[in-house]
1. Filter the range 148-165 down to residues that are surrounded by fewer than 16 Cβ atoms within 10 Å (Cβ to Cβ) and modelled with pLDDT of 85 or more and give me whichever is farthest from Phe45 (Cα to Cα).
2. For the range 55-97, name all the residues that are among the β-branched types (Val, Ile, Thr) and either outside any loop (DSSP other than H, G, I, E, B) or within 15 Å of Phe170 (Cα to Cα) (or both).
3. Restricting to the range 19-43, count the residues that are surrounded by fewer than 12 Cβ atoms within 10 Å (Cβ to Cβ) and either without any contact (Cβ under 8 Å) to a residue 24 or more places away in the chain or more than 25 Å from Ser176 (Cβ to Cβ) (or both).
4. Within the range 55-76, which residues are under 20 Å from Val118 (Cβ atoms) and at pLDDT 90 or above?
5. Working only within the range 64-98, note down all residues that are among the small types (Gly, Ala, Ser) and either free of Cβ contacts under 8 Å to residues at least 24 places away in the same chain or surrounded by fewer than 20 Cβ atoms within 10 Å (Cβ to Cβ) (or both).
6. Would you check if there is a residue in the range 117-125 being exposed (fewer than 15 other Cβ atoms within 10 Å of the Cβ), at pLDDT below 85 and part of a loop (DSSP other than H, G, I, E, B)?
7. What residue, among those in the range 12-54 that are assigned to a loop (DSSP other than H, G, I, E, B) and hydroxyl-bearing (Ser, Thr, Tyr), is modelled with the highest pLDDT?
8. Among the residues of the range 127-147, is any at positive phi, surrounded by fewer than 21 Cβ atoms within 10 Å (Cβ to Cβ) and modelled with pLDDT under 80?
Amino acid sequence: MTTVLTALCLASSLQAAVTTLGSHTKTTDGTETFTTVFGGGSQIFNYTSGNVYVVMQTTFTNPSNPGTLDTTQSYGGFSHSDNDVFGQLWQASTIGVAFYGERSSGVSIVPGTPITLVVKYELNGAGADGDTVKFWVNPALGTGVEGTPDDADPSRTWAPGSISSDDMRFRRGNSSDNQIAFNNVTIYDGGSSPFSVVPEPSVALLGGLGLLGLSRRRR
């Protein structure tokens, strides 16, 4: 029995390096790194190879004028540097990617409605399409299909050597009245992906019972 339980625990730990960091609400201008928000000032991860996904649900609200969105100068969302943002586009009510001046068409932001953002960092050099960072807005997760990303500039060749909690940051800028809630911020690495099909608990339980039955039969 102990052997079987150990095997099940080991299989569970090998399945996935999925880390849910938590939630954060951005009410001030400027940036806040994941290290500051979730690590208390100490770096909590540093990836140097493989694929790393960042998944979060962003919700924009405007406490000063409920039901509206500040588009005068506002932008905000998640970024890996001060030069780009995955979120609200500059002076717009759309969400997408602004990358060193490049931007996608985006999708409309409805204040108070969560929007799922998925960013994938490919830390193995340039991908087959010349892209090393990919981005999705409201993708279907857990289907086993990654799908076509919403890229700001598919021809870019930005190739990060590593991604750490110091590089990842929440942004809100330039005297915006908007408030952004980032919920269920989750990191996938070590071969894990938010697009992978998640086995039903019953399947895992049946597998465990099968192992248990084999163990008893051998005895």
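The values are calculated or read from the model by the stated rules, or taken from the named source; none is laboratory data. Note that this is a predicted model, so its numbers are computed, not measured. Positions of Cβ are backbone-derived with ideal geometry, glycine not excepted, and every protein chain shown enters the neighbour counts.
1. Thr148
2. Start the filter on the range 55-97 by keeping residues that are among the β-branched types (Val, Ile, Thr), which leaves 55, 58-59, 61, 68, 71-72, 85, 94-95, 97.
Hits for the range 55-97 are Val55, Thr58, Thr59, Thr61, Val85, Thr94, Ile95, Val97.
3. 4
4. Val55, Met56, Gln57, Thr58, Thr59, Phe60
5. Passing the criteria: Ser64, Gly67, Ser81, Ala92, Ser93.
6. Yes, that holds for at least one residue.
7. Ser42
8. yes
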